[in-house]
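Engineer: Structure provided below as structure tokens; questions to follow.
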Amino acid sequence: MKTIIHDLTMKADAGRLIAIVGPTGAGKTTIINLLMRFYDVNDGAIRVDGTDVRDCTRKSLRSAYAMVLQDTWVFRGTIFDNIAYGKPDATMEEVVAVAKAAHIHPFIMRLPQGYQTVISEDGGNISKGQKQLLTIARAMLYDARMLILDEATSNVDTSTEREIQHAMRKLMEGKTCFVIAHRLSTIQHADLILVLNEGDVVEQGTHTSLMAKKGFYYRLYRSQFE
Ligand SMILES: Nc1ncnc2c1ncn2[C@@H]1O[C@H](COP(=O)(O)OP(=O)(O)OP(=O)(O)O)[C@@H](O)[C@H]1O
Ligand SMILES: [Mg+2]
């Protein structure tokens, strides 16, 4: 058995933004999977409000988080139902409000059946960027205290990308957020940045302190802007 993440100690205060960055394969998604108990830690513990997550059911734990994951998923059903997934009693007004906030409303209105349009399971009839915006709208409607964002690496055009960024910022407001960012420009204001490399937290701090250190994060950041 291979250990993927070694020696990680961190504390996330309520309402804070924790960013997780690092090269591909560094272990970022693994941290998210541990938070949600897709796996359990071999050593140590993860606690939410003081309770060891191993004493929570997976169901109750996952319901504490709104999520936008790297692999966005939609199911065969109407756009309305896809957005309302976490809140089955949502009204049309609520669904339209989050769709507007997520910049997906104009696209939906251009579809022949609007919110009643059925999308296929593979989401073949909507684009990747639109699927992402849809899952952001879904997470907005699902009013949880904690949020997990695993930024997708998929290529979307720059205007969609801007819309996604803007929607994500809105989604993050007032929640305790764990954000995996590939574009470091999106997490500069994070309260804590964890820098992972090959399963180790090689640095942690704020953007300013990490830049001043001129280490791994500094080089990662520079490489994105050169
Ligand atoms: N279920 C698994 N079983 C075995 N190894 C795994 C599993 N999931 C991930 N790994 C390994 O753990 C390491 C970290 O993977 P992880 O998915 O956390 O990377 P990441 O930082 O999220 O990368 P990316 O930026 O590409 O999303 C990788 O070397 C990967 O091969
Ligand atoms: Mg990942």
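Engineer: Hey, residue 15 hits all of (1) under 16 Å from the mean Cα position of the chain (by Cα); (2) away from ligand 1 (no atom under 16 Å from the Cβ); (3) without any contact (Cβ under 8 Å) to a residue 24 or more places away in the chain but one; which does it fall short on?
Structural biologist: (3)
Engineer: Filter region 165-177 for residues that are open to solvent by 10 Å² or more (accessible area, probe 1.4 Å) and not charged (D, E, K, R) and give the result.
Structural biologist: Passing the criteria: 165, 166, 168, 172, 174, 176.
Engineer: Which helices (runs of 4 or more DSSP H) does region 1-106 wholly contain that include 3 or more residues that are of a type outside the set (Asp, Glu) and within 30 Å of residue 210 (Cα to Cα)?
Structural biologist: The qualifying helices (runs of 4 or more DSSP H) are 28-35.
Engineer: Moving on. Looking at 21, 98, which one is away from ligand 1 (no atom under 15 Å from the Cβ) and surrounded by 15 or more Cβ atoms within 10 Å (Cβ to Cβ)?
Structural biologist: From the options 21, 98, the qualifying one is 98.
Engineer: Right, here's the next one. If residue 108 satisfies all but one of (1) β-branched (Val, Ile, Thr); (2) more than 16 Å from ligand 2 (Cβ to nearest atom); (3) within 20 Å of the chain's Cα centre (by Cα); (4) within 20 Å of residue 129 (Cβ to Cβ), what's the number of the condition it fails?
Structural biologist: Residue 108 satisfies all of (1) β-branched (Val, Ile, Thr); (2) more than 16 Å from ligand 2 (Cβ to nearest atom); (3) within 20 Å of the chain's Cα centre (by Cα); (4) within 20 Å of residue 129 (Cβ to Cβ) except (3).
Engineer: Of the conditions (1) within 16 Å of ligand 1 (Cβ to nearest atom); (2) outside the structural domain of residue 215 (by TED's automatic domain parsing), residue 31 clears all except one; give me its number.
Structural biologist: Against the list (1) within 16 Å of ligand 1 (Cβ to nearest atom); (2) outside the structural domain of residue 215 (by TED's automatic domain parsing), residue 31 comes up short only on (2).
Engineer: Follow-up question, since we're still on this one. From 37, 76, grab the single residue that is open to solvent by 50 Å² or more (accessible area, probe 1.4 Å) and farther than 23 Å from residue 187 by Cα.
Structural biologist: 76
Engineer: Which one is surrounded by the most Cβ atoms within 10 Å (Cβ to Cβ) among residues in region 49-70 that are away from ligand 1 (no atom under 16 Å from the Cβ) and in contact (Cβ under 8 Å) with a residue 24 or more places away in the chain?
Structural biologist: For region 49-70, the residue satisfying everything is 66.
Engineer: Restricting to region 1-26, name every residue that is more than 22 Å from residue 168 (Cα to Cα), in contact with a Leu (Cβ under 7 Å, 6 or more places away or on another chain) and within 16 Å of ligand 2 (Cβ to nearest atom).
Structural biologist: Of everything in region 1-26, just one residue is more than 22 Å from residue 168 (Cα to Cα), in contact with a Leu (Cβ under 7 Å, 6 or more places away or on another chain) and within 16 Å of ligand 2 (Cβ to nearest atom), namely 26.
Engineer: Restricting attention to region 65-87, and to residues there that are at pLDDT 90 or above and of a type in the set (Gly, Ala, Ser), which single residue is nearest to the chain's Cα centre (by Cα)?
Structural biologist: The qualifying residue nearest to the chain's Cα centre (by Cα) is 66.
Engineer: Being modelled with pLDDT under 90, surrounded by 17 or more Cβ atoms within 10 Å (Cβ to Cβ) and either of a type in the set (A, V, I, L, M, F, W, C) or farther than 25 Å from residue 24 by Cβ (or both) is the requirement here; does residue 156 meet it?
Structural biologist: Answer is yes for this residue.
The values are calculated or read from the model by the stated rules, or taken from the named source; none is laboratory data. What you are looking at is a predicted structure, and each value in this text was computed from that prediction instead of being measured. Heads up, the Cβs are rebuilt from the backbone with ideal geometry, glycines too, and the neighbour counts pull from every protein chain shown. Side chains are part of the model used for accessible areas, which takes the heavy atoms of the whole protein and leaves out ligands, DNA and RNA. Shrake-Rupley method; radii C 1.70, N 1.55, O 1.52, S 1.80 Å.
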